1. How far apart, in nanometres, would the label points at ARG154 and SER478 be if each is projected 7 angstrom from Cα along the Cα-to-Cβ direction?
2. Quick check: pseudo-label points 7 Å beyond the Cα along Cα→Cβ at ARG112 and ALA350, how many nm apart are they?
3. Kindly express, to the nearest 10 degrees and within the range 0 to 90, the angle between helix 120-129's C-alpha long axis and the longest C-alpha principal axis of the chain.
4. Once amide H atoms are placed 1.01 Å from N in the peptide plane, what residues at a sequence separation of 5 or more from GLY493, or on another chain, have their amide H within under 5 Å of its amide H?
5. How far apart, in nanometres, would the label points at THR20 and ARG315 be if each is projected 7 angstrom from Cα along the Cα-to-Cβ direction?
6. Given that compact globular proteins tend to follow 2.2 N^0.38 Å, what is the ratio of the alpha-carbon Rg of the stretch 295-380 to that value?
7. Once phi is turned into θ = phi - 60°, what whole-Hz ³J(HN,Hα) does the Karplus curve with 6.51, -1.76 and 1.60 give for every residue of the stretch 426-436, x standing for Gly and Pro?
8. For the stretch 45-123 and the stretch 444-501, what is the centre-to-centre distance using only Cα atoms, to the nearest Å?
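Read-outs throughout are calculated quantities, based only on the coordinates presented, and are distinct from any laboratory measurement. Note that this is a predicted model, so its numbers are computed, not measured. Note that we place each Cβ from the backbone using ideal geometry, even for glycine, and neighbour counts take in every protein chain shown.
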Amino acid sequence: MDVFFERVTIFDGRGSRPVTGDLLTCGDRIAAIGDMPPPPGAVRIDGRNLALMPGFIDAHGHSDLSLAAAPEGFSKISQGITCEISGNCGLSPFPLTEHNRPHLTELYRQYRVPLTWSGLTEYRQMLTARGAVLPLLPLCGHNTLRAAVAGYERARLLPEERHQMRRLLEACLDEGAPGVSFGLLYVPGCFAGPDEWQELMQVAARYDRIAAFHLRSEGNELLEALGETIAAARAAGLTRLHISHLKTAGKDNWHKWDAVQEMIGCARRDGIRISCDRYPYCTSATQFSVIAPGRFRQMDDSQLAAVLQDGAARRELIDGLMASGRDWQGTILASTADPEWRQYSGRTIADIAAERQQHPAVTAAGILQADPLSATGAFCGMSPANLRRILALPYCCCGSDESARPADESIGRSHPRGFGSMPRFFRMMLADGFAMEEAVYRMTGLPAAIFQLADRGELAVGKRADLVLLDTGAFDSSATFAAPHLAATGVAGVWIGGRRVL
Ligand SMILES: [Zn+2]
């Protein structure tokens, strides 16, 4: 059905000043923009007092399997997102082999989707068959690649395994992956050194695709990690380097911002097109198991689950957590599938421990033992001032770092960024004095350029009719850790490929 938007304020996604006019879609494309009479047969939408812009591109998402389980993609679409770069932080749901399929089946168990495919094309067919509404553009994850050839426990790869990993990446890029992602904080990516990253970066460079990095360290060794990554890109001849959820984690590292900006600026002047994404919050969230100390840190979640069956190992874990000096007031249990612990979701470990009258390390160990695989944590410790400096970078786009979820919590509880990243990013940009068209560009045209999405991110004749209609004054989010599943306000309509989805 063709759609005719009348007398609407049009933001083109390229950062131009908005104009008032009409826009017509035909099938899945934009057919005309300007002043025109309403064509017969088209659905007419009165756009007065509303703004029409390209659908938002989530530059960093994790909907890889959640979208298969809840195909409507509500948390994303309700905030105006019409496309997501998925497969981030080294974790993509392909390529699957006998070496990584059992582990990933466990990891994704809550979604109840049998992992029957091998490569990207088959994975995509599965999403289509399940009726996924939100288009995903998945990066190929290094952790999944590495595990596909050598599993999750091996520190060093043999030369033929590295060769095999490169071939698997090439196959994914041939099948249309926009690039490769790294998650060097996680097993088994943490075992790889710069030589291994560099080999895969060379493959990406040969295809003129991007490499997206969750850096080895985002805090205490941030500068070293960023330096190694840039050096590997330079050595690999890679010109498209993306830093995922850029941050200075931990108060002691907040002062490193100027050095980070200088290093990135220097590399950009050398011709490496560094870009970044960021969610507009100062609390991060990831698997709760990242707090595991010492030798437990080297284990993947299934190994951790097995080891913690043993009483001596549990005591060792508690001792390690006590010695870790972690700020329990700033550590939140974001979500868990465990029936005993679920009631505490959204509260700090310090708070839960006080209620249970135990040491916070005992509380944290209890959660790790009960649900090492799917418990997620939220961690305070990012600088609000640095967040604003990061959002001010002209090459920073908005990435939610979340998976698509329904309004209910049937497939887990979201960080508030899952429902609120786009409106909050938009509001923070405006509050910091940026023009509205610049904020729109950062959520549309910029990520489309970074990830080379030729027919997205822009309102122009012939481009995909991925559109969001906004009441810009009302566009906002009130999602919090206590009530994260609240849809954005001010979204009047969303179209994907010309079809209305909200
Ligand atoms: Zn990450």
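1. 5.4
2. With each label placed 7 Å out from Cα toward Cβ, I get 3.9 nm.
3. 60
4. Under 5 Å from the amide H of GLY493: LEU469.
5. 7.7
6. After normalising by residue count via 2.2 N^0.38 Å, the value is 1.00.
7. My calculation for the stretch 426-436 gives 4, 5, 5, 4, 5, 4, 8, x, 6, 5, 4 Hz in order.
8. So the separation of the two Cα centres works out to 16 Å.
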